[in-house]
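Shown next, in structure tokens, is the structure this report addresses.
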Amino acid sequence: GASGGRGARGGAAAAATGGEEDDDDTSSTGSDQQQEPDPFYDEAADDADEAWANRQRGGRVSDAVLSCPGCFTTLCIDCQRHEKFHQQYRAMFVMNCQVEEEGEEDGGAGFNPASPE
């Protein structure tokens with residue numbers, strides 16, 4: 001009968017909402033309430049970080065920022081792109097990195113992400 005097509009879909013939506021059509025009423029979301037400020041957000045942090053990086057580079061422009069793939073620690077803010085192999089970069093001045101010289105007699109074990117240590 002007459003309940004087929006678009007009318008049945010609209011009726012199902014009305015039944016799911018208790019017989020009322022779904023309107024965009026914002027009064028139930030509490031839009032008049034003030035949201036607490038995020039204690040971890042600092043509006044000036046990005047600008048301060050950029051200024052610090054520029055001072056560290058001494059006016060040089062970096063092609064990339066190099067981070068550790070395991071912990072995302074910044075390792076280099078001054079990188080140069082390879083002239084021929086455009087997917088490769090070299091670190092000019094490294095920070096937050098220490099070479100462990102133990103274990104070199106066995107050829108160096110290298111990084112093992114499955115290692116418990």
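At 0.36 nm per residue, minus the direct Cα-Cα distance, what do Asp46 and His82 gain on full extension? Give it in nm, one decimal, please.
Working it through step by step, the gained length comes to 10.1 nm.
Taking amide H positions as placed in the peptide plane 1.01 Å from N, state which residues far from Cys76 in sequence (5 or more) or on other chains have amide H under 5 Å from it.
Leu66, Met95
How large, in percent, is the carbon and sulfur part of the accessible surface of the range 41-84 at a probe radius of 1.4 Å?
C and S atoms contribute 50 percent here.
Taking each pair of different alpha-carbon atoms in the range 32-109 once, compute 1/r for the pair, average those values, and report the inverse of that mean as the Kirkwood hydrodynamic radius in Å to one decimal.
Answer for the range 32-109: a Kirkwood hydrodynamic radius of 15.9 Å.
Using the Karplus equation 6.51 cos²θ - 1.76 cosθ + 1.60 (θ = phi - 60°), what ³J(HN,Hα) coupling, rounded to whole Hz, does each residue of the range 47-59 give in order, writing x for Gly and Pro?
These are the phi-based 3J(HN,Hα) values: 5, 5, 5, 5, 4, 4, 4, 5, 5, 5, 7, x, x Hz.
Name the GluC sites (Glu not before Pro) in the range 62-106 that are in a loop by DSSP and that have at most 12 other C-beta atoms within 10 Å, would you?
Glu83, Glu100, Glu101, Glu102
The values are calculated or read from the model by the stated rules, or taken from the named source; none is laboratory data. Note that the structure is a prediction, hence the values are computed from the model and not measured. Cβ sites come from the backbone with ideal geometry, for glycine too, and all protein chains shown count toward neighbours. Protein only, heavy atoms only, side chains kept; ligands, DNA and RNA dropped before computing areas. Shrake-Rupley method; radii C 1.70, N 1.55, O 1.52, S 1.80 Å.
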